[in-house]
Amino acid sequence: MSGTEQGPLPRLFVWAMIVDAVGSGMFMPFALLYFVRVQDLGVGTVGTALTVANLALIAASAPMGRVVQTYGSMRSLIVGNAVRTPLFVLYAVTLPAPAAVCALVLSAVLDKVVWVSLGATIAGLARGPEARRAFGTVGWARNIGLCLGSLVGGVLASAQSATGLRVIVLINAASFAVTTLVLLRLRGQAGAAAPAARKEQAKADGGLLQVMRLPGFALLTAAKTCFTVCATIVSMFTGLYLVDHAGLDGWAAGTVLAVNGGLVVLFQQSLVKRTADLPAPRMMFLGGALYAAAGLGFALVAPLRDDLLPALTVAAALVAMTVYTLGEIVIAPASDGYASDLAEPGTEATCMSVYQSSWSVASVAVPVAGSWLLVASASGFWIVFTAVALLGTLLSALLARTRTREPALT
């Protein structure tokens, strides 16, 4: 490749990730509001559909990975974005309830296909420190897009009518279309397509059991599941906790949440460059310890509101979010890069699919369990968060003591 590279990734590929994330950043925070207002679905219906879809995706992780591996990771990435384009155009029309639910489930499946394909594409391009830098670059690019998209989406969603929400889904469709065109242009560059040799390498029996037998892979997946549970808790419940339990104003809670994306954009690239040569399990251990410290910090925010000035309560929440974000910056590239290192050549998509099923597990477990815990005890909610983070930290320590094969050079 040419001088347009960003590490092992073409610079144009990075721009495609930003464009894709702008659309997602506009839609994701207001997806529930969209399905309620535009598609006339109940909150319970949306939640049930997503729960069922994520349960099915957990079971289908290994088969989906084999399909992506056989078809080609870049080709699957292109097709996933291409199909999402007309799907989100269709979203702008009020659909019959069964059709709206089917569209919702299809969207969840396509999201999984795209994430598996993206991870497998990067794993096919780079190993070792280069893989960690590549995953860090993608995370950095997506956070830029998500921050920009959420700002614009908030303005559009503030309208009293459903028009703004329809505009959001159309812009999201346009972002998928642009991403598809960019990926089509990149297809054929190094690592982009699935060559015949890669297909021949793919193992026909590369199922769940084979992947989980890879040295260290089960521990890595278990640790990642703990950390994705923590990440899902923060994204789903922090705003509600800060407003309803810590008594912060909406703008203050929004500022705390914005710190997360802002710090990732500002510091992830430089931190990954400085730590790319350090062992990934050690970085995950450090990130898990930061998650646990952040959980204790959040647990203290609500009790402190009666003893501190509001400004100091906001400051405490900002410190907790900063510590959490540093943990996120440390964990995400290290764990994603290590998953690609553990994958044997020709099984990248299957490994990444099983590894990323941690997000489906979190999507199923967190909404119900988190809601119940937060109602029962706000402080107890964050103590459980801390316990899950410590479990992930312990698993990372065990992973550091596991002998794994050396990453394959590409």
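The values are calculated or read from the model by the stated rules, or taken from the named source; none is laboratory data. If you're wondering where the values come from, they're calculated on a predicted model, not measured in any experiment. Note that each Cβ is placed from the backbone with ideal geometry, even for glycine, and that neighbours are counted across all protein chains shown. Heavy atoms of the whole protein, side chains included, go into the accessibility calculation; ligands, DNA and RNA do not. Shrake-Rupley method; radii C 1.70, N 1.55, O 1.52, S 1.80 Å.
On full extension, the segment bounded by A99 and S158 gains 18.6 nm, given 0.36 nm per residue less the C-alpha separation.
Entry for the range 209-302 at q = 0.22 Å⁻¹: log10 I(q)/I(0) = -1.22, Debye formula applied to identical alpha-carbon scatterers, no solvent contribution.
Taken along the Cα-to-beta-carbon direction at a fixed 7 Å, the label points for R185 and L151 span 2.4 nm.
How would the range 43-163 be classified by its alpha-carbon gyration tensor: rounded, prolate or oblate, with rounded meaning a/c under 1.5 and the a/b versus b/c comparison settling the rest? Oblate, since a/c reaches 1.5 and b/c is not below a/b.
How high is the relative contact order of the chain, in percent, with contacts defined as C-alpha pairs under 8 Å that are six or more residues apart? List each step's numbers first, then the result.
On the way: 655 pairs, mean separation 117.2, N = 410.
Reported relative contact order: 29 percent.
When the Cα convex hull of the chain is projected onto planes of every orientation, the mean area is 18.7 nm².
Post the alpha-carbon centroid distance, the range 50-68 to the range 87-146, in whole angstrom. If we compute the Cα centre of each part, the gap is 14 Å. For the range 98-165, the square roots a ≥ b ≥ c of the C-alpha gyration tensor eigenvalues yield an a/c of 1.5 or more together with a/b not exceeding b/c, which makes the shape oblate.
What's the Cα-based Rg to Rh of the range 1-99, Rh via Kirkwood?
On the way: Rg = 17.1 Å, Rh = 16.3 Å.
When Rh is taken as the Kirkwood radius, the ratio is 1.04.
The string of couplings for the range 232-237 from the Karplus curve (6.51, -1.76, 1.60, θ = phi - 60°) is 5, 4, 5, 5, 8, 10 Hz, one whole number per residue in order, with x for Gly and Pro. A viscosity of 1.567 mPa s and a temperature of 4 °C, combined with the Kirkwood radius over C-alpha pairs in the Stokes-Einstein formula, give the range 270-410 a diffusion coefficient of 77 µm²/s. Could you work out how far the C-alpha centroid of the range 239-269 sits from that of the range 367-389, in angstrom? Using only Cα atoms to place each centre, the spacing works out to 18 Å. For the chain, carbon and sulfur atoms together expose 70% of the accessible surface, with a 1.4 angstrom probe and every protein chain in place. Size of the range 332-384: Rg and Dmax of its alpha carbons, in Å, are 16.0, 48.
Multiplying the residue separation of A222 and L394 by 0.36 nm and subtracting their alpha-carbon distance yields 60.9 nm.
Kindly report the accessible area of the chain per residue (heavy atoms of protein chains, probe 1.4 Å, no ligands, DNA or RNA), in Å². Before the final figure, lay out the partial values.
Details: 17260 Å² over 410 residues.
On a per-residue basis, the chain sits at 42 Å².
About the Cα centre of the chain, how large is the charge dipole given +1 on each Lys and Arg Cβ and -1 on each Asp and Glu Cβ? Please answer in debye to the nearest 20. That gives the chain a dipole magnitude of about 920 debye. Between V38, V368, V79, the residue with the greatest mean-square fluctuation in the GNM of the chain (Cα pairs under 10 Å linked by springs) is V368.
Along the range 107-122 the Karplus relation, 6.51 cos²θ - 1.76 cosθ + 1.60 evaluated at θ = phi - 60°, assigns HN-Hα couplings of 4, 5, 5, 5, 4, 5, 4, 5, 5, 4, 5, 5, x, 5, 4, 5 Hz to successive residues, with x for each Gly and Pro. For the range 295-334, with equal point scatterers placed on the C-alpha atoms only and solvent neglected, what are the log10 I(q)/I(0) values from the Debye formula at q = 0.20, 0.21 1/Å, to two decimals? Summing over Cα pairs of the range 295-334 leads to -0.57, -0.61.
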